[in-house]
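Chemist: Mind having a look at this structure? Questions to follow.
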Amino acid sequence: MRYVTTRPFATLALALALGLACAQVDAPVSVEVAWPSNACAAEADGPERDPSSDWRPRLLDQVGPTPPAQLFMPVEGARVAEVYPSYGDPRSGGRVHIGIDIMAERGTPVRPAAPGYVLRTTDSARGGSSVTLVGDGGVRYFYTHFDALPEGLEAGRFVDLDTVIGYVGNTGNAAATAPHLHFEVHVPGQGEAWCGWTPVDPLPLLSDRQALGG
Ligand SMILES: [Zn+2]
């Protein structure tokens, strides 16, 4: 059985501070954080910056102001202790792995690490079949390489910890690898809402559902 240590809380404290700074303007934010100024520029040309998508602000109104105290293992039957820590590892083309890979058999159900709303589902050559959720604190969760998505999973839908959001596969640039879930967690930018997100390592934030009685 795995127990949460103190280190994940330090990491989450930063995520909390960053999340509060953006998601709740009226919140008593007492922590000044050094924000990477290029974070906004990096997102400026990405799909998240589509100014015509008015559903994103509506979703933000629906989530709570405070990021979750803990995240849950999204892959059914997988154990946190068995996940290889690959956040930050180099990838082809000079890219960096900004998530973790959770190995599982093809078709294994995936459920949210935290409740939230479906921001969108996408299917791209590199990313494969993916689901992006936004949850409390404006934290964004990215799940990809799905073999299939469940019926009716579309933008705007609320998903709780028990909702199946996809089935493990190896679509996209994972086609040559064994089936796995690629999972990312991004905390929102501060200042002008939604100028960008910064990825954080999900692994120290994750808990096994069994260990918490969930
Ligand atoms: Zn990955």
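Nothing in this text is a laboratory measurement; each read-out follows from the coordinates by a stated rule. This structure is a prediction, so every number in the text was calculated from the model and none was measured. Backbone-built Cβ (ideal geometry, glycine too); neighbour counts: all protein chains shown.
Chemist: Sort Thr177, Thr163 by Cβ crowding within 10 Å, fewest neighbours at the top.
Modeler: Details: Thr177 12, Thr163 18.
By the 10 Å Cβ count, ascending: Thr177, Thr163.
Chemist: While we're here: Highest first, please rank the peptides 77-84, 133-140 by the mean number of other Cβ atoms sitting within 10 Å of their residues.
Modeler: Details: 77-84: 15.1, 133-140: 24.0.
Sorting 77-84, 133-140 by mean packing, highest first, produces 133-140, 77-84.
Chemist: How high is the relative contact order of region 68-122? Use alpha-carbon pairs under 8 Å, at least six apart in sequence, and give a whole percent.
Modeler: On the way: 53 pairs, mean separation 23.1, N = 55.
It comes to 42 percent, rounded to a whole number.
Chemist: Mind sorting Glu154, Glu184 by how few other Cβ atoms lie within 10 Å of their own Cβ, fewest first?
Modeler: Glu154, Glu184
Chemist: For a footprinting-style exposure proxy, rank Phe146, Phe72 by other Cβ within 10 Å, fewest first.
Modeler: Details: Phe146 26, Phe72 20.
Placing the least packed residue first, the sequence is Phe72, Phe146.
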